[in-house]
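Comments concern the structure below.
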Amino acid sequence: MSRSYAVDCLLEPIFWFVDNFAGSLGKVFVFCVTVLTSSVVAIAYWIGLPYWWHRNPYLTVFLVIFGNWLLLNIVFHYYMAVTTPPGHPPNGAMLVEAAGICKKCISPKPPRTHHCSVCDKCILAMDHHCPWLNNCVGFFNARYFYLYMAYMVAGVTFIIVFGIDIGYVVIWINDPDAATLKDDPELIGHPLRMNQSGVLVPVKDILEYDSENFPREHILPTPLITEAQLISADPWKRKAVFFVAVACIAVFIALGGLVVMHTKNIGRGETSIEYHINTTMRKQNSNFRNPYNLGKKKNWRKFLGLTQGRTFIRHVLFPSRHAPTGTGLTWHATGDLEDWP
Ligand SMILES: [Zn+2]
Ligand SMILES: [Zn+2]
């Protein structure tokens, strides 16, 4: 007793903090996401663009177009996920279907609706409250939330794949003598060799030395690495590359895991909350079937709103503001969707 009382007392300030500041904390989180994303994009243009332009201008044109397509989708879906209300039961209106009464709102709840204690409202098809969006994820913004995560994972993968050469030189080779390269325009555009003491020297100087002292394995393969070495030589660029590497790997791990989890849930026609409820139900009763599971293909089409002639190419690969199929109030979905091909 005394122990749990002590724990309660210790947690009291945390509960108080969450109750009072969850709203403003959410705004701080959204601000952080915006600043971090903008910084990574700015660094990609500052360091990555000239690097690739020097390497292969044709590929660079493609990378700029492809990268901006990802960026457009990231910005659009994030903005929409933050600003689209997740959906609430209508005030005072009669519900066709009700799954019970919300004790907090003291009003009937449509099926799949749950009460969010942060928003202090009932949320249609509630998935979870997301502080990074400062919004609940529910019926009307779940698609934006999911596609934001998917495009964000694609975006950081893009940066990791096309930045790995720079990251490798800056982070792994991490040659302290590279700092001596700075402000030496003689070196720009020249291939470099690293001697046995790890000092970088331009090839034209090395050729004047005894080549015995510079074994072949210490010859850096192409002038392209020279670009990365010169990036590594600039302390501000080094810091920027470290920052991008840490940010992208962290986002890749965190959001990558969430995307996998949500992809499985969407395929089964479950929200995150229902995943927990249904897992318990399945343990208790092996015959339990999720009543909202329409089969994988229809679950996905319903989730992405690919009905009424909408297509994957136009409505998923490019920003689209179409509303989800249905109202979020009634879920006798199998019947609603019988006319689907
Ligand atoms: Zn409620
Ligand atoms: Zn909420």
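The values are calculated or read from the model by the stated rules, or taken from the named source; none is laboratory data. Remember, predicted model here, so these are calculated numbers, not experimental data. Glycine also receives a Cβ, built like all others from the backbone with ideal geometry; neighbour counts cover every protein chain displayed.
Being over 17 Å from residue 153 (Cα atoms), within 16 Å of ligand 2 (Cβ to nearest atom), modelled with pLDDT under 95 and of a type in the set (Ser, Thr, Tyr): is that true of residue 117 here?
yes
Would you pick out the residues in the range 104-114 that are within 13 Å of ligand 2 (Cβ to nearest atom) and closer than 23 Å to residue 291 by Cβ?
Hits for the range 104-114 are 113, 114.
State which residue is surrounded by the fewest Cβ atoms within 10 Å (Cβ to Cβ) when the search covers only the range 40-69 and only residues that are within 18 Å of residue 151 (Cβ to Cβ) and in contact (Cβ under 8 Å) with a residue 40 or more places away in the chain.
This residue is 66.
Please return the ranges of strands (runs of 3 or more DSSP E) entirely within the range 70-180 where 3 or more residues are free of Cβ contacts under 8 Å to residues at least 60 places away in the same chain and surrounded by fewer than 22 Cβ atoms within 10 Å (Cβ to Cβ).
Result: 100-102, 107-109.
Could you tell me how many of the residues in the range 129-144 are in contact with a strand residue (DSSP E or B) (Cβ under 6 Å, 6 or more places away or on another chain) and either more than 21 Å from residue 291 (Cβ to Cβ) or away from ligand 1 (no atom under 15 Å from the Cβ) (or both)?
Selection size over the range 129-144: 4.
May I ask you to list the residues in the range 111-128 that are over 16 Å from residue 83 (Cβ atoms), in contact with a strand residue (DSSP E or B) (Cβ under 7 Å, 6 or more places away or on another chain) and not aliphatic (A, V, I, L, M)?
Answer for the range 111-128, where residues must be over 16 Å from residue 83 (Cβ atoms), in contact with a strand residue (DSSP E or B) (Cβ under 7 Å, 6 or more places away or on another chain) and not aliphatic (A, V, I, L, M): 113, 114, 115, 116, 122, 127, 128.
In this structure, does residue 327 turn out to be part of a helix (DSSP H, G or I) and under 24 Å from residue 123 (Cβ atoms)?
No, not satisfied.
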